[in-house]
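The values are calculated or read from the model by the stated rules, or taken from the named source; none is laboratory data. The structure presented is a predicted model; accordingly, all values stated were derived computationally and were not measured. Note that each Cβ is placed from the backbone with ideal geometry, even for glycine, and that neighbours are counted across all protein chains shown.
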Amino acid sequence: MRGMSAAFTTDFLVAFALVAIILVLFGLIINLYSELSTIKKRYKKMMGGAEGSSIEQMLAEHSVEVNQAVGEYKKIQKQVDKLDDLVRSSLARVAVIHFDAFEQTGQGLSWCVALLDRNNNGVVFSSICGNETERSYVKPIEDGRAAASYKLTREEEQALRQAMRN
């Protein structure tokens with residue numbers, strides 16, 4: 001009988017160990033199921049998004065909005081470029097020089113004015129005043145220099161340099 005009880009005890013211990021392992025595994029399965037359920041709830045909540053829309057719908061809508069914003073940005077950039085061109089070609093630099101063209105007249109009645117854009121293009125106006133006469137001149141300026149067919153006086157050069165410094 002003794003041999004039988006040892007076998008019975010061994011079989012009982014093996015069976016007990018198997019039941020214990022099954023119970024531990026069953027507990028782990030229940031724990032995993034609980035965690036999976038929690039993750040599913042969080043996922044559904046996240047995917048539900050705001051106002052019942054899903055994240056995919058929200059991303060699609062945001063993508064459309066971004067594309068519209070990029071289109072608007074490009075339009076605005078074109079307008080800014082046009083305005084920049086307009087500003088570059090508008091009157092931006094001015095200088096006035098008064099001087100005595102003739103020693104006997106005094107009082108600095110003669111003058112010249114340089115009017116330039118930001119690209120140093122424009123004109124130099126001059127008025128030479130004498131006792132009984134006055135003459136006016138206009139000379140075109142391109143890239144900060146008088147056209148080849150015009151020679152600037154010392155005062156006109158001074159007005160041009162002063163305007164380009166402004």
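Observations on the model:
- For segment 106-136, the tally of residues that are surrounded by 14 or more Cβ atoms within 10 Å (Cβ to Cβ) and more than 13 Å from residue 163 (Cβ to Cβ) stands at 7.
- Restricting segment 135-160 to residues that are in contact (Cβ under 8 Å) with a residue 12 or more places away in the chain and charged (D, E, K, R), the residue that is farthest from residue 91 (Cα to Cα): 155
- Those residues of segment 87-99 which are surrounded by 10 or more Cβ atoms within 10 Å (Cβ to Cβ) and of a type outside the set (Lys, Arg), in sequence order: 87, 89, 91, 92, 94, 95, 96, 97, 98, 99
- So residue 83, is it surrounded by 10 or more Cβ atoms within 10 Å (Cβ to Cβ), aliphatic (A, V, I, L, M), under 30 Å from residue 140 (Cβ atoms) and under 41 Å from the mean Cα position of the chain (by Cα): yes
- Strands (runs of 3 or more DSSP E) fully within segment 71-158 counting 3 or more residues that are of a type in the set (Gly, Ala, Ser): 122-129
- Only one of the listed residues (159, 101, 114) is modelled with pLDDT under 85 and of a type in the set (A, V, I, L, M). That residue is 101.
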